[in-house]
Amino acid sequence: MEDWKSTYRLLTHCKHFFHCRLSPNFHNSKPFCPSGSRSHCSQPSELVKPYIGNYQQEFQTFKHLPVSLGTNPWNRCRSQYRCFASQATIIQRRPDFSTISSEDLSYFKNILGERGVVQDEETLDAVNTDWMRKYKGTSKLMLQPRTVEEVSQILKYCNSRCLAVVPQGGNTGLVGGSVPAFDEVIVSISYMNKIISFDKVSGILVCEAGCILENLIAFLDNQGFVMPLDLGAKGSCQIGGNVSTNAGGLRLLRYGSLHGSVLGLEVVLANGTVLDMLGTLRKDNTGYDLKHLFIGSEGSLGIVTKVSILTPPKLSSVNVCFLACKDYASCLKLLLEAKRKLGEILSAFEFLDHGAMDLVLKHLEGVRNPFPSSMHNFYVLIETTGSSESYDREKLDAFLLHSMENDLISDGVVAQDIAQASSCWHIREGIPEALMKAGGVYKYDLSIPVEKMYDLVEEMGVRLGASAKVVAYGHLGDGNLHLNISTPQYDDNILSQIEPFVYDWTSKHKGSISAEHGLGLMKADKIHYTKSPETVQLMANIKMLLDPNGILNPYKVLPPSLFTKS
């Protein structure tokens, strides 16, 4: 009892640490104080209103500068990509790749029917363009198979004709990995979207690769389970694409990567061979575990058509708090304390800096500052998930009290209902959209030792000065920094200041140039910053073994120079 009285005194007298943040629809006036220390405030502040980003809306189309290639037909195959998130990369269309003929169209219509062969210009324009509208291919054909047999027939035929292929799911990638570089055939798996089975005892879900992540989350929620993966783009992204890019997401801290959650895959190789690795066993020590080759390979080794994934049970107690910190060192100390004091119930630890919060407040309609009296240098979102509400709140209260006593937190709010928790999450999840609305943005997805992570942000800020705004946020709990440079418009002079500095810095500090977004077209020729030449060559050997004609997602993941034919 004395502990609760002490908590009450500290939280109500230490500069109003927890202010009243009330939902307009939450009639029982409950200030955001830890349980056991609630009191009424005379002038409650308005809660951050829920905001759901519309990731499907049209964003500004960035125009490419014209490039004169002359009249030579080989030059017309050459394309200079003004990769606004990366320095311009010149790649050559492989001359050994065929182009679509009327005979090809007849074959595809014969196996897919008219509805499975898309040549409509408006539809093709959308699927040729990535979500960031920075990469655009010139494909004249999209195929929409509905069964693994159809995928097999497509790839077997394309391989025999040397027709390059780009597998595409929800097309929410950020590195140009899911759109054609030139005129590759797009193979969309969106119609392969069936849930095949779910075992309520083991929690093992088997589904087709075209299932939208949000639909799987809703299905599992009704079954009393959760997906171990959660992304801001969950309304559009598909599980096959998630697996192919080894997507990380917001709760990797709790559930780990897809290398741990995915139990089995069904994959179609370039020659049409179907690999049935769709196991549902947690233990299987017979030979090489080949599924891991395809997790994170970005469709360059095979097309994922089915997934078997282990899902954890849904726990009844969820708490979300949004905290303010004075400096990055306090965020690190707070992370350490969260791991020690919240332990097994800690499910997310996200951070954003002042610049990220400022952009969200300026560019996302309906979002309010949780701390209207002031802006802070850093913000941390913490989520806990457990099975006992009283036990979890007791642990959270003790953690918050300890953190406040040790001056790790400047201010904070604790959500009292689902709407308030969603409002906190929408601040964090809305940052990418706010950046898009602010103008040009150079995006970098980096994995860096946490103690060094913000050093890069500060050095980049000094390097660019007033010419750009450096914004940082990410998954602090697993060392993933999303570094963003926001500018009114794209500028090659600014880009030359960013690259290759950002890659050199990351390599020097033993980091990774891609934490969760993949390499795609943007970073294919930059893999050497993270991997040794011997490792890259071994990857190329595996690619040539499984896809000797190189038809699967060419020009992506690995440097195209490794596959240049004499």
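Residue farthest toward the positive end of the dipole of the range 253-344, with Cβ of Lys/Arg at +1 and Asp/Glu at -1: which of Val262, Thr305, Phe322?
Result: Phe322.
Counting only other residues whose beta carbon sits under 13 Å from that of Val318, what net charge do I get with K and R as +1, D and E as -1?
So the surrounding residues net to -2.
Under a 5 Å amide H to amide H cut-off, with H placed in plane at 1.01 Å, what residues pair with Phe182 once short-range neighbours are removed?
Answer set, sorted by chain and number: Thr138.
Skipping prolines and chain starts, which residues have an amide H placed within reach, meaning under 5 Å, of the one on His509, given they are 5 or more residues away or on another chain?
The answer is none.
Can you list the residues, at least 5 places off or on another chain, whose amide H is less than 5 Å from the amide H of Ile204, using H built in the peptide plane?
Here the answer is Asp199, Thr311, since their amide H atoms fall under 5 Å of that of Ile204.
Once neighbouring chains are kept in place and the probe is 1.4 Å, which whole percent of the accessible area of the range 350-485 is contributed by carbon and sulfur?
Here it works out to 48 percent.
To make sure I understand the rule: partners must be aspartates and glutamates, Cα under 17 Å from the Cα of Lys395, and not fewer than 8 residues away in the same chain. Which ones qualify?
Glu2, Asp3, Glu337, Glu344, Glu383, Glu405
What shape does the range 199-319 have by the C-alpha gyration tensor, where a ≥ b ≥ c are the square roots of the eigenvalues, rounded means a/c under 1.5, and otherwise prolate means a/b greater than b/c and oblate the rest?
Prolate shape, in that a/c is at least 1.5 and a/b is the bigger ratio.
Which value, in debye to the nearest 20, gives the size of the charge dipole of the range 234-308 about its Cα centre, when Lys and Arg are +1 and Asp and Glu are -1 at the Cβ?
360 debye
Sequence neighbours fewer than 8 away in the same chain don't count; with that in mind, list the lysines whose C-alpha is under 16 Å from Lys333.
Leaving aside lysines fewer than 8 places away in the same chain, those within reach of Lys333 are Lys341, Lys452.
Rounding to the nearest 20 debye, state how big the charge dipole of the range 416-478 is about its Cα centre with +1 on each Lys and Arg Cβ and -1 on each Asp and Glu Cβ.
Dipole magnitude for the range 416-478 comes out near 300 debye.
List, in order, the whole-Hz ³J(HN,Hα) value for each residue of the range 484-499 obtained from phi through the Karplus relation with A = 6.51, B = -1.76, C = 1.60 and θ = phi - 60°; use x for Gly and Pro.
For the range 484-499, the Karplus-derived couplings read 10, 10, 9, 9, x, 8, 6, 9, 4, 5, 5, 4, 5, 7, 7, 10 Hz, x marking Gly and Pro.
Which one, Ile494, Ile431, Val462, is farthest towards the positive end of the dipole of the range 427-500 when Lys and Arg carry +1 and Asp and Glu -1 on their Cβ?
Of the options given, the answer is Ile431.
Quick one: accessible surface of His376, probe radius 1.4 Å, all protein chains present, in square angstrom to the nearest 10.
Answer for His376: close to 30 Å² accessible.
Kindly flag which residue pairs out of Lys362/Lys531; Lys306/Lys508; Lys469/Lys526; Lys200/Lys543 have an alpha-carbon separation exceeding 30 Å in this structure. List each step's numbers first, then the result.
Numbers: Lys362/Lys531 39 Å; Lys306/Lys508 39 Å; Lys469/Lys526 24 Å; Lys200/Lys543 38 Å.
Correct reply: Lys362/Lys531; Lys306/Lys508; Lys200/Lys543.
Just by accessible area at a 1.4 angstrom probe, what is the order of Glu298, Glu451 from largest to smallest?
I get Glu451, Glu298, largest accessible area first.
On the protein heavy atoms, probe 1.4 angstrom, tell me the percent of accessible surface of the range 242-342 carried by carbon and sulfur.
Working: 2190 of 4160 Å².
C and S atoms contribute 53 percent here.
Tell me, what ³J(HN,Hα) does each residue in the range 116-130 have, in order and in whole Hz, if you take phi through Karplus 6.51 cos²θ - 1.76 cosθ + 1.60 with θ = phi - 60° and put x for Gly and Pro?
Karplus-based 3J(HN,Hα) across the range 116-130 equals x, 10, 9, 10, 4, 4, 5, 5, 5, 4, 5, 7, 7, 10, 7 Hz.
Starting at the first residue of the range 517-527, write each ³J(HN,Hα) from the Karplus equation 6.51 cos²θ - 1.76 cosθ + 1.60 with θ = phi - 60°, in whole Hz, x for Gly and Pro.
Couplings: 7, x, 9, x, 7, 5, 10, 4, 8, 10, 4 Hz.
Normalised by the number of residues in the range 238-296, what is the relative contact order in percent for Cα pairs under 8 Å and 6+ residues apart?
RCO, the range 238-296: 37 percent.
Mind checking which aspartates and glutamates have their Cα closer than 14 Å to the Cα of Lys291? Skip sequence neighbours fewer than 8 apart in that chain.
Correct list for Lys291: Glu266, Asp276.
The values are calculated or read from the model by the stated rules, or taken from the named source; none is laboratory data. Predicted model, so just to flag it, every value in this text is computed and none were measured. So basically every Cβ, Gly included, is an ideal-geometry build from the backbone, and we count neighbours across all protein chains shown. We work out accessible area using only protein heavy atoms, side chains counted, and drop any ligands, DNA or RNA first. Shrake-Rupley method; radii C 1.70, N 1.55, O 1.52, S 1.80 Å.
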